[in-house]
Amino acid sequence: MAIQRRRLLQMLSYALGSSVIPLRNRFAIAAQNPAPPASSAAPAGAAVKQELGGTKMEKVAGIGGLFFRAHDPKALGQWYLQHLGIALTPTGEGGTVWQQEAGPTAFSPFPETSKYFGDANKVWMVNFRVHDLDKMVAQLRTAGIEVKEPETYPNIGRFARLHDPEGNPIELWQPA
């Protein structure tokens with residue numbers, strides 16, 4: 001667990017700049033001065049090189065963050081925390097970073113004319129994996145959030161759609 005946290009903080013410090021993560025935090029110090037790996041074997045789930053035209057290609061290991069513009073970032077961040085349990089990147093000592101669970105991640109560009117996201121002015125949609133779609137939908141509806149009826153796709157899973165307070169599309173997915 002400490003190694004995962006250290007690697008995450010290291011990635012955040014490189015992506016956002018080391019000034020975002022306070023130096024007094026022992027995990028931030030470890031992120032900026034990482035210990036050498038214990039073994040030369042790649043950890044499970046690590047990026048794997050594959051042959052591409054006779055050369056080895058480095059692959060990314062996963063999504064390290066999702067960054068987007070908002071009219072009111074503070075209020076929108078609070079909405080995501082309150083209704084979906086997603087903690088924002090900490091700005092001070094003692095904050096915790098959202099830890100997503102390992103699992104499948106779809107990465108799929110859509111045609112710019114796609115109606116899949118709803119509003120044609122929205123250029124992205126985030127899809128969150130959930131354990132119990134019915135429970136999540138009920139929780140959101142109880143909070144007064146409009147959620148479309150879940151749809152089921154054989155061998156893929158169940159999906160439900162909603163929008164955050166700024167109209168950004170969100171899809172909830174319970175894998176099959």
Restricting attention to segment 103-130, report how many residues are surrounded by fewer than 10 Cβ atoms within 10 Å (Cβ to Cβ) and among the aliphatic types (A, V, I, L, M).
1
Could you say which residue among Arg141, Arg158, Arg129 is more than 25 Å from Ala70 (Cβ to Cβ) and of a type outside the set (Ser, Thr, Tyr)?
Arg158
List, please: which pairs have Cβ atoms under 6 Å, are six or more places apart or on different chains, and start with a residue in segment 152-165 that is in contact (Cβ under 8 Å) with a residue 12 or more places away in the chain and over 13 Å from Tyr116 (Cα atoms) and end with one that is part of a loop (DSSP other than H, G, I, E, B) and among the hydrophobic types (A, V, I, L, M, F, W, C)?
Asn155/Ala176; Ile156/Ala176; Gly157/Ala176
Hits in segment 61-97 (condition: among the small types (Gly, Ala, Ser) and either without any contact (Cβ under 8 Å) to a residue 60 or more places away in the chain or part of a loop (DSSP other than H, G, I, E, B) (or both))
Ala61, Gly62, Gly64, Gly65, Ala70, Gly77, Gly85, Ala87, Gly92, Gly94, Gly95
Taking the options Arg129, Arg69, name whichever one is of a type in the set (Lys, Arg) and touching an Asp or Glu at 6+ places or on another chain (Cβ under 8 Å).
Arg129
Tell me, please, whether a residue that is outside the structural domain of Leu88 (by TED's automatic domain parsing), in a loop (DSSP other than H, G, I, E, B) and within 16 Å of the chain's Cα centre (by Cα) can be found in segment 164-175.
yes
Candidate set: segment 82-118, residues that are over 23 Å from Pro165 (Cβ atoms) and of a type in the set (D, E, K, R); chosen: the one modelled with the lowest pLDDT:
Glu93
Apart from one, (1) assigned by TED's automatic domain parsing to the domain that holds Trp173; (2) touching a helix residue (DSSP H, G or I) at 6+ places or on another chain (Cβ under 6 Å) all hold for Ile86; the odd one out is (1)
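The values are calculated or read from the model by the stated rules, or taken from the named source; none is laboratory data. Everything quoted here is computed from the prediction, not taken from an experiment. Cβ: placed from backbone, ideal geometry, glycine included. Neighbour counts: every protein chain shown.
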